[in-house]
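The values are calculated or read from the model by the stated rules, or taken from the named source; none is laboratory data. Everything numeric here is computed off the predicted structure, so don't read it as measured data. No Cβ is skipped: glycine too gets one built from the backbone with ideal geometry, and neighbour counts run over all protein chains shown. When the accessible area is computed, the model is the full protein with side chains, heavy atoms only, and any ligands, DNA or RNA have been set aside. Shrake-Rupley method; radii C 1.70, N 1.55, O 1.52, S 1.80 Å.
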Amino acid sequence: MKTPKRVAYVFAAGLLGLLAACGGTGGGAAADGKTVTVYTVDGLEDWYTARFAEFKQQTGITVQAVTAGSGEVASRVEKEKSNTKADVLVTLPPFIQQVAQQGLLASSAPQGTEQVPAAEKDPQGRYFAMMNNYISFIYNPQQAKPAPKTWNDLLDPKYRGKLQYSTPGEAGDGTAVLLQLQHVLGDQGALDYLGKLQANNVGPSSSTGKLQPKVAKGELLVANGDVQMNLAEIGKSGGFDVFFPADAQGKRSTFAIPYEAGLVTNAPHADNAKKLLDFLFSPATQAKAADAFGIPARADVKSTGANADRITAAMTGVDIWQPDWTAVLARLDSDLAAYKKAIGQ
């Protein structure tokens with residue numbers, strides 16, 4: 001989804017360095033088996049830091065987490081299937097569904113996942129929504145005046161060279177942009193729109209997160225994003241606001257792109273991985289989702305406090321719809337091919 005980066009309890013500079021990390025750089029944790037390795041999409045770095053410290057305090061197990069883009073972590077699990085390094089995978093749809101279809105996620109039953117709604121987990125128990133999140137857009141309120149409100153506004157020539165969205169097929173948020181436009185405009189309408197939008201688009205980007213500082217500095221006026229990542233960054237440094245483009249009737253809508261977690265097939269530390277999953281889906285941990293501006297996946301857990309109020313305020317009046325991720329994955333290759341053709345690639 002965004003650019004690979006270092007997280008708390010990361011003992012490698014990136015996915016390619018994970019072999020060394022799993023070799024025991026965890027200060028003795030690997031030697032006595034008290035470790036678990038997570039391949040995760042980025043966006044939850046600060047939240048992981050606190051949660052994994054709590055998990056270690058409770059269990060003595062050190063979490064080794066390596067982050068990268070949503071498609072990249074999924075691809076790495078596939079590449080390593082003959083010599084599995086990851087114990088737990090956390091990534092976005094439709095990449096988690098793709099990994100499951102490849103037989104690379106094992107059926108598991110983390111405690112608490114019975115409270116995750118059926119639409120947000122695999123019927124075979126291979127993955128479960130861990131934290132909910134929703135696609136959004138951001139704009140620079142100082143320079144984008146009047147503020148953009150509709151999809152049609154984004155076609156205005158004043159945004160030429162000042163608008164960018166992450167690339168569908170490479171970034172989870174970018175793929176979500178394509179799906180959202182299909183929902184709003186229909187399949188052909190989405191392609192026609194993106195063809196027109198290309199006149200304003202700066203160009204491809206595999207990183208959604210890198211677009212935030214560009215909007216804050218005014219290098220870009222508009223970019224895509226997601227509620228969790230955007231509100232978390234606004235809380236740190238500000239510089240932009242969140243919005244949901246409206247259709248021709250003024251209706252704003254979005255859909256969930258949850259952080260989904262699953263046990264990797266042939267996980268080298270499967271018992272520790274199951275303990276971590278139990279911890280992540282526990283009521284106490286779920287209740288802290290708002291610390292990262294996320295929403296608990298468990299239906300019986302509600303976040304409270306200022307962060308939860310900000311999420312509610314940002315999404316007030318926005319309709320939420322539910323993609324059929326199995327259908328999305330089945331047609332993803334053809335949709336991406338059509339997208340590339342529409343924008344002239």
For the chain, give the percent of accessible area contributed by carbon and sulfur heavy atoms, probe 1.4 Å, rounded to a whole number.
50
Compute, for the chain, the length of the dipole vector about the Cα centre, with Cβ point charges of +1 (Lys, Arg) and -1 (Asp, Glu) only. Units Debye, rounded to 20.
680
For GLN143 and LYS81, calculate 0.36 nm times their separation in residues minus their Cα-Cα distance, and state this gained length in nm to one decimal.
17.5 nm
Report the full-extension gain for the segment ALA53 to ASP187: residue separation times 0.36 nm, less the Cα-Cα distance, to one decimal in nm.
43.7 nm
Distance from the Cα centre of region 60-90 to that of region 284-345, in angstrom?
22
Would you list which lysines come within 29 Å of LYS275, measuring only between C-alpha atoms, while excluding same-chain residues fewer than 8 positions from it?
LYS2, LYS5, LYS34, LYS56, LYS79, LYS81, LYS85, LYS121, LYS288, LYS302
Scoring region 26-105 by relative contact order with C-alpha pairs under 8 Å, at least six apart, yields a percentage of 36
Relative to the present Cα-Cα distance, how much length would full extension add between ALA118 and ALA248 at 0.36 nm per residue of separation?
43.6 nm
List the extent of the Cα atoms of region 118-218 along each of their three principal axes, largest first, rounded to whole Å.
49, 32, 23
Can you pull out the trypsin sites (Lys or Arg not before Pro) in region 177-227 whose DSSP state is coil and whose Cβ has at most 16 other Cβ atoms within 10 Å?
LYS210
Given a 1.4 angstrom probe, what's the average accessible area per residue across the chain, in square angstrom?
40
Can you give the Kirkwood hydrodynamic radius for region 190-345, in Å, rounded to one decimal and based on Cα pairs?
18.6
For the chain, modelled as a GNM with alpha-carbon contacts under 10 angstrom, which of SER75, SER334, SER253 fluctuates the most?
SER334
Return the distance in nm (one decimal) between the two label points of a simple spin-label model at ASP156 and ALA284, each offset 7 Å from Cα along Cα→Cβ.
5.0
What value does the chain have for Rg/Rh, both radii from Cα atoms and Rh as Kirkwood defines it?
0.96
